[in-house]
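Data first, discussion second: the structure below is written as structure tokens.
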Amino acid sequence: MVASGISGRTRPAKVKKQTSAQKRKRDDVDVEKLEQAVAALDPKNGSYKDFSDLPLSDPTKQGLKSSHFAVMTDIQAKAIPLALQGHDILGAAKTGSGKTLSFIIPVLENLYRLQHVGPDAGMGALIISPTRELAIQIFDVLCKIGRHGHMFAAGLVIGGKSLEAERQALGRMNILVGTPGRILQHLSQTVAFNVDDLKMLVLDEADRILDMGFQRDVDAIVEYLPKERQTMLFSATQSRRVSDLARLSLQEPEYVSVHAEDKTATPITLQQNYIICPLEEKLDTLWSFIQASKKSKILCFFTSGKVVKFVFEAFRHMQPGIPLLHLHGKQKQGARLETTAKFSASKCSCLFATDIAARGLDFPAVDFVIQVDCPEDVDTYIHRVGRTARYNREGRGVIFLAPSEEEGMLRRLEAKKVPVELINVRQKKKQSIQSQIAHMCFQDPSLKYLGQKAFVTYVKSIYIQKDKEIFKLMEYDLEAYAASLGLPGAPKVRFLTEDGKLKKQAQRQAREVAVASEDDGDLDGVSKKKVRTKYDRMFEKQNQDVLAPHVRRLMRDDDEDNARTNNHSTGDQTAANGDDDDFLTVKRRVAADSDDASDDEVGAPTAGGRVVHLQGASQPLIIDSNRREKLLKSKKKLLKLKDKGKKLVFDDEGNPHEVYELANEADFKAKGLPEDQRQQFVQAEREVVQQADVEDKAVVKARKKEKMRKRKERERGEKAGGEEGEEDDEDGGVEFDGNQDDLLANFRADAGDDDDGDGDAEVEVEQPKKKKAKKWFQSDSEGDDDDGERGGKKRRKGKKGRGVVEEPQMLDTLEDMEAAAARLLG
Ligand code: ADP
Ligand code: MG
């Protein structure tokens, strides 16, 4: 295996050669033995309890040991043996039951046994997650298990990060974790991203990834992947939909469902309750609950980011006495990371979140999950509530149901085996915060504006819910809800009537009729009704303080103008201009084809006017003013009045024809029925397109390959250059890739850990200055230990390992990136 990357080491040739040769031999033997042991597994009948019962490679064993994983969970015991044997898998197990390791271990092991490692091997496994936070978490688990001797290079690609940094490292990656959109972006744009030899595809939270929201991206990704591969899908709410299986070309998948026979679909250590809470009392109840649980770690789910933001801002102002956090999709990536880290690390805090936090996230020791807004379906309920009571720990879930939601939701929950029990709110302990919020909204227009947005998005979200047995828009008291958000009235929402469009149409018609009747009968103007325009409505907006400054300026100007007009206007002017209150009034109508609408009315219109027929113009030109008279002198201007010319094509004899000419009817009939002709034409065109597509793809593939080849050649050249004076050794596992950032880890980093101390005394690693990379979902103490251990190895060059030190490096400043680029260029 040729190791790529930049190394600044010196190592005596002989010792190193020996080491590599020995290692290679050991690996070969290891792999062969493992292959036999895996083939001998009996996943269906065998009972495997501990990780040590499975034929796993030493580095994986080491990784599991260091994380203190010894006994397998049910899903792990069933899924891992099957996955090791290369089966396609549909894995279903409750939330918090250890599904992540069920795919991480097979990924590492299967690639290890295939020796799919090193930059030349290309991408071996792709792990897709629906959210960035979950992708980071999976990547973290992968690193934890993988960094104890595995040689794979692993990467993380998620939105909100530097594309270029990811791009540069992708060519060397063997395992990639990412979100669908970003993976697809790289597949279509990054030349070095080669998935031709992909061995494994994993979808975590598969049902979510396969649903409508990601459909296009996932289908496009699968198009790029080879058909011959192992595919594994995991979720707590796994479906067996045939269409999904077909989309992913699963081959005789094994359905591993460990909790299917259980009485409940949720963890048994989870206590689940619901309270009946009208919309307008939600905030009071939530506030009172938080006040009563200040020593807990609470996760609250809301329907939309706007609601999350409003409740967060409102509660924050009221100083609840517990750290508040908020998380939603519209935040910047940095803020999202910071929030998840803070919530993970905290002992007591309250996180307000949308459903981006509903799936997969493994926040340690969450006490309560409160579903303030009803989830769209039971699957979402199960995932939300699954953020607590993870891995045999205890936890509580409470869902707030409006009276109209109760019956429908309870029926749905029961059907999916989710036990919830009614509890009451202690009225004595309930505080009313409505007047406080109203006061804050009054004081702070931006909060009021947020409240209005929250109201509208909430109502919209109810409106678009599919399950109308649960969500009945007409049964909520929206006025009261608006008041509970501190708003003086319910903001207008278009579809608040059963059919907003129809109502709007009806209103418009009514207005037109009113205007028409004004024209017809009320010419005396006594009952003349003013037609309200978009602009009138705009200036009547309540929230003038939070409008953009330019709108405010406009309004001020408008007022001043009105004042001026009122001061100076005479009765004549008013008569001439009609209604002066209107923002836009018509002074003079200019025909669309006339030159421009400038108000320099040159001279008086000539009475009657002269009619001129222009050649090539369908309409005659009426000369009724001097300006129009002048038109006649300009050929260029007259051109505009003329009709457009026709495009003609000339045949071989020079005869002009129209571009599309009707065919001779007899000839047309002779060719067969129109439908047949159409089909023939479509078929012929399809063949042409298919042919062109094949050719295009071949060209692109060849181009890609050529680029890859050139790049690798260049890299080899650079490497050879960089290692001058050193003994060149293919297995020289010493690697430091200065280009790694915190999201790209190279397992080779610790590859030497299990070596026998051969030749280490001589190894010297010239480390470029590195920043400490803070890992995700890792407590400070863990991080420190880890670093301490690795740092120790760095220092104790002579004692253990081959002195390979690598940490994912943070490249957050421009200088860092430049330095990294300089190092890459040698
Ligand atoms: P899921 O994906 O099923 O929701 P995770 O894979 O996130 O669950 O695991 C939930 C928690 O259980 C994690 O904190 C993980 O560290 C822990 N865990 C998983 N497997 C084991 C195991 N075999 N032994 C101990 N803890 C485990
Ligand atoms: Mg999971």
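The values are calculated or read from the model by the stated rules, or taken from the named source; none is laboratory data. These numbers were taken from a predicted model, which means no experiment stands behind them. Neighbour counts run over all protein chains shown; Cβ positions are idealised from the backbone, glycine included.
Please specify each residue of segment 335-345 satisfying the condition of being touching a residue at least 40 places away in the same chain (Cβ under 8 Å) and either within 13 Å of ligand 1 (Cβ to nearest atom) or over 14 Å from ARG387 (Cβ atoms) (or both). Once the filter is applied, which keeps residues that are touching a residue at least 40 places away in the same chain (Cβ under 8 Å) and either within 13 Å of ligand 1 (Cβ to nearest atom) or over 14 Å from ARG387 (Cβ atoms) (or both), segment 335-345 yields ARG336, LEU337, ALA341, SER344, ALA345.
Residue-wise test of (1) in a loop (DSSP other than H, G, I, E, B); (2) aliphatic (A, V, I, L, M); (3) within 20 Å of LYS460 (Cα to Cα).
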residue	(1), (2), (3)
LYS294	yes, no, no
LYS309	no, no, yes
ALA335	no, yes, no
THR339	no, no, no
PRO364	yes, no, no
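Output the residues belonging to segment 349-391 that are out of contact with any strand residue (DSSP E or B) (no Cβ under 8 Å at 6 or more places or on another chain) and over 19 Å from ALA206 (Cα atoms). The answer is PRO364, ARG390, TYR391.
Mind telling me which of the residues GLN427, GLN436 ends up being more than 30 Å from ALA265 (Cα to Cα), touching a residue at least 60 places away in the same chain (Cβ under 8 Å) and over 35 Å from the mean Cα position of the chain (by Cα)? Let's see the steps before the verdict.
Working: GLN427 fails: touching a residue at least 60 places away in the same chain (Cβ under 8 Å).
That would be GLN436, the only listed residue that is more than 30 Å from ALA265 (Cα to Cα), touching a residue at least 60 places away in the same chain (Cβ under 8 Å) and over 35 Å from the mean Cα position of the chain (by Cα).
Please determine whether any residue of segment 413-424 is surrounded by fewer than 16 Cβ atoms within 10 Å (Cβ to Cβ), within 31 Å of the chain's Cα centre (by Cα) and within 16 Å of ligand 1 (Cβ to nearest atom). There is no residue in segment 413-424 that is surrounded by fewer than 16 Cβ atoms within 10 Å (Cβ to Cβ), within 31 Å of the chain's Cα centre (by Cα) and within 16 Å of ligand 1 (Cβ to nearest atom).
Count, please, the residues in segment 386-409 that happen to be among the hydroxyl-bearing types (Ser, Thr, Tyr) and at positive phi.
Taking segment 386-409 first, the residues among the hydroxyl-bearing types (Ser, Thr, Tyr) are 388, 391, 404.
Still in the running and at positive phi: 391.
Residues flagged as among the hydroxyl-bearing types (Ser, Thr, Tyr) and at positive phi within segment 386-409 amount to 1.
Being outside any loop (DSSP other than H, G, I, E, B) and within 16 Å of ligand 2 (Cβ to nearest atom) is the filter; apply it to segment 341-362 and report the residue that is surrounded by the most Cβ atoms within 10 Å (Cβ to Cβ). Among them, the one singled out is ALA357.
Of the residues making up segment 636-655, those that are loosely packed, with under 10 Cβ neighbours inside 10 Å and modelled with pLDDT of 80 or more number 8. Taken together, the residues in segment 415-433 that are assigned to a helix (DSSP H, G or I) and at pLDDT below 95 amount to 3.
Take VAL141 and decide whether it is touching a Leu at 6+ places or on another chain (Cβ under 8 Å), outside any loop (DSSP other than H, G, I, E, B), touching a residue at least 24 places away in the same chain (Cβ under 8 Å) and within 16 Å of ligand 2 (Cβ to nearest atom). Criteria met by VAL141.
Only one entry in VAL242, VAL256 is farther than 30 Å from LEU422 by Cα, surrounded by fewer than 14 Cβ atoms within 10 Å (Cβ to Cβ) and aliphatic (A, V, I, L, M), namely VAL242.
Show me the helices (runs of 4 or more DSSP H) entirely contained within segment 44-120 in which 1 or more residues are without any contact (Cβ under 8 Å) to a residue 60 or more places away in the chain and closer than 25 Å to HIS383 by Cα.
Working: elements: 58-66, 74-84, 99-113.
Output list reads 74-84, 99-113.
In segment 33-91, the qualifying residues are those that are of a type in the set (Asp, Glu) and touching a Gly at 6+ places or on another chain (Cβ under 9 Å), and the one that is nearest to ligand 2 (Cβ to nearest atom) is ASP74. When LEU225, LEU163, LEU203 are screened for being on the phi < 0 side of the Ramachandran plot, at pLDDT 95 or above and surrounded by fewer than 21 Cβ atoms within 10 Å (Cβ to Cβ), only LEU225 passes. For segment 656-713, a residue qualifies if it is farther than 30 Å from GLY171 by Cβ, part of a helix (DSSP H, G or I) and aliphatic (A, V, I, L, M), and the qualifying residues are ALA666, ALA670, VAL682, ALA684, VAL688, VAL689.
Just the residues that are in contact (Cβ under 8 Å) with a residue 12 or more places away in the chain, out of contact with any helix residue (DSSP H, G or I) (no Cβ under 7 Å at 6 or more places or on another chain) and of a type in the set (A, V, I, L, M), please, taken from segment 195-221. Hits for segment 195-221 are LEU198, LEU201, ALA206. The residue of segment 101-115 that is farthest from ligand 1 (Cβ to nearest atom), among those that are within 19 Å of GLY155 (Cα to Cα) and surrounded by fewer than 24 Cβ atoms within 10 Å (Cβ to Cβ), is GLN115. From GLY118, GLY124, which residue is farther than 18 Å from LYS49 by Cβ, modelled with pLDDT under 95, more than 13 Å from ligand 1 (Cβ to nearest atom) and among the small types (Gly, Ala, Ser)? Being farther than 18 Å from LYS49 by Cβ, modelled with pLDDT under 95, more than 13 Å from ligand 1 (Cβ to nearest atom) and among the small types (Gly, Ala, Ser) holds for just one of GLY118, GLY124, which is GLY118.
Could you tell me whether PHE400 is closer than 16 Å to LYS297 by Cβ, surrounded by 18 or more Cβ atoms within 10 Å (Cβ to Cβ) and of a type in the set (Phe, Trp, Tyr)? Criteria not met by PHE400. Against the condition more than 30 Å from ALA70 (Cα to Cα) and buried (at least 23 other Cβ atoms within 10 Å of the Cβ), how does ILE183 come out, does it pass? Yes, satisfied.
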